[in-house]
Amino acid sequence: MEAGIKFKTVDEYFSTFPDNTRRILESVQKTIKQAAPHAKEVISYNMPAFKAHGVLVYYAAYKGHIGFYPTSLPIEVFKSELSSYKYSKGAIQFPIGEPMPLDLISRMVQFRVKQDSEKAGKKK
């Protein structure tokens with residue numbers, strides 16, 4: 001990805017990557033869409049994100065991994081399943097050379113959808 005580009009669309013973002021990386025991004029995108037069918041896809045912080053009441057998750061491609069940003073609580077909740085990945089308080093790195101854990105991504109997104117709608121319900 002070239003530095004300095006401000007992406008306007010997810011397709012524009014995807015177009016900057018080689019085919020194999022783009023296919024992985026598309027599989028992650030499809031998984032998130034299925035887990036959060038009412039969420040809107042946006043570019044936020046210059047990377048793809050899905051938003052319902054608030055942003056649910058961000059994801060991005062790098063040279064050797066896909067970065068997945070579900071916020072901190074899902075990382076705590078799913079910690080036991082993340083032991084084979086590099087992760088921090090708000091980010092997980094899924095290596096590009098390994099199969100993407102789409103089931104795990106789906107469950108984390110569903111967790112975020114529930115969390116997001118509960119938070120939105122409390123605001124009313």
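Bear in mind that the values in this text are calculations on the coordinates, not laboratory data. Quick caveat: nothing in here was measured; it's all calculated off a predicted structure. All Cβ positions, glycine included, derive from the backbone under ideal geometry; neighbour counts span all protein chains shown.
The condition of being surrounded by fewer than 17 Cβ atoms within 10 Å (Cβ to Cβ), in contact with a Pro (Cβ under 9 Å, 6 or more places away or on another chain) and β-branched (Val, Ile, Thr) holds for only one of VAL57, VAL42, that being VAL42.
Does at least one position in the range 16-31 carry a residue that is part of a loop (DSSP other than H, G, I, E, B), on the phi > 0 side of the Ramachandran plot and either exposed (fewer than 12 other Cβ atoms within 10 Å of the Cβ) or polar (S, T, N, Q) (or both)? Checked against the condition, which is being part of a loop (DSSP other than H, G, I, E, B), on the phi > 0 side of the Ramachandran plot and either exposed (fewer than 12 other Cβ atoms within 10 Å of the Cβ) or polar (S, T, N, Q) (or both), the range 16-31 yields no hits at all. Within the range 1-35, being within 19 Å of PRO101 (Cβ to Cβ) and among the polar types (S, T, N, Q) holds for ASN20, THR21, SER27, GLN29, THR31, GLN34.
Restricting the range 87-124 to residues that are basic (Lys, Arg) and farther than 18 Å from GLY67 by Cα, the residue that is surrounded by the fewest Cβ atoms within 10 Å (Cβ to Cβ) is LYS124. Where strands (runs of 3 or more DSSP E) fall entirely within the range 37-88, those with at least 1 residues that are of a type outside the set (D, E, K, R) and under 12 Å from MET108 (Cβ atoms) are at 47-51, 55-61, 65-69. Considering only the range 68-86, state which residues are buried (at least 16 other Cβ atoms within 10 Å of the Cβ) and either in contact with a helix residue (DSSP H, G or I) (Cβ under 6 Å, 6 or more places away or on another chain) or closer than 23 Å to ALA52 by Cα (or both). If the condition is that a residue be buried (at least 16 other Cβ atoms within 10 Å of the Cβ) and either in contact with a helix residue (DSSP H, G or I) (Cβ under 6 Å, 6 or more places away or on another chain) or closer than 23 Å to ALA52 by Cα (or both), then PHE68, TYR69, PRO70, THR71, PRO74, ILE75, PHE78 are the ones that fit.
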